[in-house]
Amino acid sequence: MANETASVKPTEAELTLLNILWKTGPATVRQVHDAVSETQKTGYTTVLKILQIMHEKSLVIRDESNRAHVYAAANSEVQTQSSLIKDLIGKAFGGSTSKLVMRAIDESTSKEEIKDIRELLDSLEK
């Protein structure tokens, strides 16, 4: 089942809700809707429907023990990001991580980000 879940790629709308759940932790539909509403106009029923679809796709888990169901991300942010990146590398970069990195790093990359990348590369070489 874990491999099935890993193969399900969240849509942009689903990623928006996952980012909220990763930041806030388990939340009711109302709490997720309130958080989404801070940055975009989205109806409560739209958020509810997306969370229901995400539950069917095993992107979120749902605690039904209370009157208001509580949703939580089924996978960690890192697991989901890794899965999306592996998929992107395979589809858009012919399986080449270096092509992805070279395309991602350009003149808009901050000195702080370059420093972090250099430290990561140094640690991987050790």
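Details
- Scan of region 67-126 for residues that are among the hydroxyl-bearing types (Ser, Thr, Tyr) and more than 30 Å from Ala27 (Cβ to Cβ), ordered by number: Ser96, Thr97, Ser98, Ser108, Thr109, Ser110, Ser123
- Residue within region 43-66 that is closer than 30 Å to Thr97 by Cβ, among the polar types (S, T, N, Q) and either touching a Cys at 6+ places or on another chain (Cβ under 7 Å) or not assigned by TED's automatic domain parsing to the domain that holds Thr97 (or both) present: yes
- In region 54-74, the qualifying residues are those that are in a loop (DSSP other than H, G, I, E, B) and under 15 Å from the mean Cα position of the chain (by Cα), and the one that is surrounded by the most Cβ atoms within 10 Å (Cβ to Cβ) is Leu59.
- Any hit, region 58-65, residues being on the phi > 0 side of the Ramachandran plot and of a type in the set (S, T, N, Q): yes
- Residue ID - farthest from Ala68 (Cα to Cα), chosen from residues in region 1-55 that are at pLDDT 95 or above and among the small types (Gly, Ala, Ser): Ala13
The values are calculated or read from the model by the stated rules, or taken from the named source; none is laboratory data. No experiment lies behind these values; they were computed from the predicted model shown. Every residue, glycine as well, gets a Cβ built from its backbone with ideal geometry; the counts of neighbours run over all protein chains shown.
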